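The values are calculated or read from the model by the stated rules, or taken from the named source; none is laboratory data. Here the structure is a predicted model, which means the values were calculated and not measured. Heads up, the Cβs are rebuilt from the backbone with ideal geometry, glycines too, and the neighbour counts pull from every protein chain shown.
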Amino acid sequence: MRRGFVNTTAIVVTMLMIALVGSLTYLLKSVVESPTEEGPAAEAALAPAASGARSAAKTAGSGPAAEKATAQNGPAPAASGNTPAGKSPEAGNAPGNAPSTQAGNAPAEPVVTEPLRDDLERYVRWLRYAENERARVRLRNQNIRAKLDALESAATPAERRQQEQQVRETARLAVTAVRDLPWVLRTKRPRVPAEFRDVDRYYRGALEQEAAVTVSALEAVAENDTQRIANLRRTGAANFGVELRRANVELTKIYEGQKVDQPFQVQSTAGASMVTELIRPEKP
């Protein structure tokens, strides 16, 4: 009887253990499958808020204020993968880190020369003025020569006579101006420094000869004196051309002695003469 009681008790205990294990299994399963705040419901609740935040950020990044900031400051610099740790990307452009200039690329220092003395500068300015007056007379005589060359293209004898009369009148008016040129230049000339006495002597002598030859050529054009023009063509500018070249030599000596760059030279070639265009042969 006692053995039966023990068997019955064992059976009851076993059934209770099975029931207990089943209950625990059910509870654990319920806990695992039940929804929490971090489940789908929570995600559904957070979705609108996240979408609104993204829209606000997009609007703020593309509005007028953002465009103004971008225009003023430029786009944000991209991070460089080559920037050393502890240094900003702009460190290479800092004044203290400027690349050193190689000796071969260093700019050469300009050569500074002392100007001439005031009295020498005043005479040089007058010499420039005289050369400009020579050039002005030369240009006017070139125009007269061009009109003489154009006579051959006259349509009728009457038109040719009219053009010849105009050329002669222009040459006649130019005679007085060229004849007075040496005197006008002499009245405007400053005191001649001792260093420029030889230059002045050669230059003024050449100018007077050149003016005389030019006046003779203008008178020959005004009178249609072809023989005189031929005679002037043979002598040409030989005499005063030599004097002008001598003036140039002395001028160069002055600048070399003063160790100053020579800014100009006297026009001494035959083509630069006031009379050259008047006495050159007519075009065939």
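Can we say N224 is at pLDDT below 90, at positive phi and over 38 Å from the mean Cα position of the chain (by Cα)? Taking the combined requirement at face value, the residue satisfies it. Against the numbered list (1) out of contact with any helix residue (DSSP H, G or I) (no Cβ under 9 Å at 6 or more places or on another chain); (2) more than 30 Å from L120 (Cβ to Cβ); (3) among the β-branched types (V, I, T), T187 comes up short only at (2). Of all residues in the stretch 221-249, those that are closer than 20 Å to L207 by Cα and among the polar types (S, T, N, Q) have Cβ atoms under 8 Å from Cβ atoms of residues that are modelled with pLDDT of 85 or more and not in a helix (DSSP H, G or I), 6 or more apart or on another chain, in N248/Q265; N248/V266; N248/S268.
Quick grid of which residues meet (1) of a type outside the set (D, E, K, R); (2) in contact with a helix residue (DSSP H, G or I) (Cβ under 6 Å, 6 or more places away or on another chain):
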{"residue": "D149", "(1), (2)": "no, no"}
{"residue": "T156", "(1), (2)": "yes, no"}
{"residue": "Q163", "(1), (2)": "yes, yes"}
{"residue": "Q166", "(1), (2)": "yes, no"}
{"residue": "A177", "(1), (2)": "yes, no"}
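Which is farther than 27 Å from Q258 by Cβ and modelled with pLDDT of 90 or more, of N132, N97, N143, N105? Residue meeting the stated conditions: N143.
Within the stretch 117-132, residues that are within 18 Å of D198 (Cβ to Cβ) sit with their Cβ atoms under 8 Å from residues that are part of a helix (DSSP H, G or I) and among the charged types (D, E, K, R), at 6+ positions apart or across chains, in these pairs: L120/E195; Y123/D200; W126/K188.
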